[in-house]
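Remarks on the structure that follows.
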Amino acid sequence: MATDPYLTGFIDCFNRQAYFEAHDVLEELWLKTTDEHRDFYKGLIQTAAVFLKLQQGKSEPAARLALRAASHLEKYPPLCECVRVESVLIWLQDVARGRNLVAEGNPPRLELVDK
């Protein structure tokens, strides 16, 4: 399974709850992407920003950003570039409804999958 190193770096940072760093890593790829995956990366970058806001205790801004992130990701298939988009969308919906998965001690984890 060949995956872009920026995406794998993003996932590594995200899973360590280094959300600011995750955002920065993937932004490099987003800035140079001009094809249909540009919004996919933007949605993931915003997802990292959502969880950064939750770490900072800013639930309302996180909820608003979760809706924007979801709007970018919902147009992609349930599995895109080995990322389970459907799982990310569920987390974003939870945050938009007011849940703070970070404060609950249950931060989400991304995994690369091939099916």
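The values are calculated or read from the model by the stated rules, or taken from the named source; none is laboratory data. Keep in mind that this is a model prediction, so the values were computed, not measured. Quick reminder, even Gly has a Cβ in these numbers, built from the backbone with ideal geometry, and neighbours come from all protein chains shown. Keep in mind that these areas ignore ligands, DNA and RNA; they rest on the heavy atoms of the full protein, side chains included. Shrake-Rupley method; radii C 1.70, N 1.55, O 1.52, S 1.80 Å.
Can you give the Kirkwood hydrodynamic radius of the stretch 1-43 from its Cα pairs, in Å with one decimal?
Working: mean 1/r = 0.0961 Å⁻¹.
With all distinct Cα pairs of the stretch 1-43 included, I get 10.4 Å.
Which angle from 0 to 90°, rounded to the nearest 10, does the C-alpha axis of helix 19-32 make with the longest principal axis of the chain?
Around 30 degrees separate the two axes.
Would you kindly state how much longer the chain becomes between Lys32 and Glu81 on full extension, computed as 0.36 nm times their sequence separation minus their alpha carbon distance, in nm to one decimal? Don't jump to the answer; show the numbers that get you there.
Working: separation 49, 0.36 × 49 = 17.64 nm, distance 1.66 nm.
My answer for the length gained is 16.0 nm.
In deg cm²/dmol and to the nearest 500, what is the mean residue ellipticity at 222 nm of the chain if only DSSP H runs of at least 4 residues count, each as -39500 (n - 2.57), divided by the residue total?
The per-residue figure over the chain is -19500 deg cm²/dmol.
Give me the one-decimal nm value for the distance between modelled label points at Glu74 and Lys58, 7 Å along each residue's Cα-to-Cβ direction.
Once both label points are built, they end up 2.4 nm from each other.
Can you give the accessible area per residue of the chain, in Å², using a 1.4 Å probe? Display every interim value, and only then the final one.
On the way: 6200 Å² over 115 residues.
Accessible area per residue: 54 Å².
With N set to the number of residues, divide the alpha-carbon radius of gyration of the chain by 2.2 N^0.38 Å and report two decimals. Write down the numbers at each step before the final one.
Values: Rg = 12.9 Å, N = 115, 2.2 N^0.38 = 13.4 Å.
Relative to the rule-of-thumb radius for its length, the chain sits at 0.96.
Out of the total accessible area of the chain (probe 1.4 Å, heavy atoms of protein only), what percent is carbon and sulfur?
Details: 3050 of 6200 Å².
That share works out to 49 percent.
Quick one: how many lysine pairs in the chain have C-alpha atoms under 20 angstrom apart, if they're 8 or more apart or on different chains? Don't skip to the answer; put the middle values down first.
On the way: Lys32/Lys42; Lys42/Lys53; Lys42/Lys75; Lys75/Lys115.
Taking the chain as the scope, the lysine pair count is 4.
Which distance in nm do the two modelled labels at Leu101 and Asp114 give, with both placed 7 Å along the Cα-to-Cβ direction?
Spacing of the two 7 Å Cα→Cβ label points: 2.6 nm.
Amide H neighbours of Cys80 under 5 Å, counting only residues 5+ apart in sequence or on other chains, H built in-plane at 1.01 Å?
Residues meeting the amide H criterion: Val85.
Cα centroids of the stretch 75-115 and the stretch 6-53: how far apart, whole angstrom?
13 Å
Pairs of alpha-carbon atoms within less than 8 angstrom and 6+ residues apart define the contacts here; what relative contact order does the chain have, in percent?
Details: 153 pairs, mean separation 27.8, N = 115.
This gives 24 percent for the chain.
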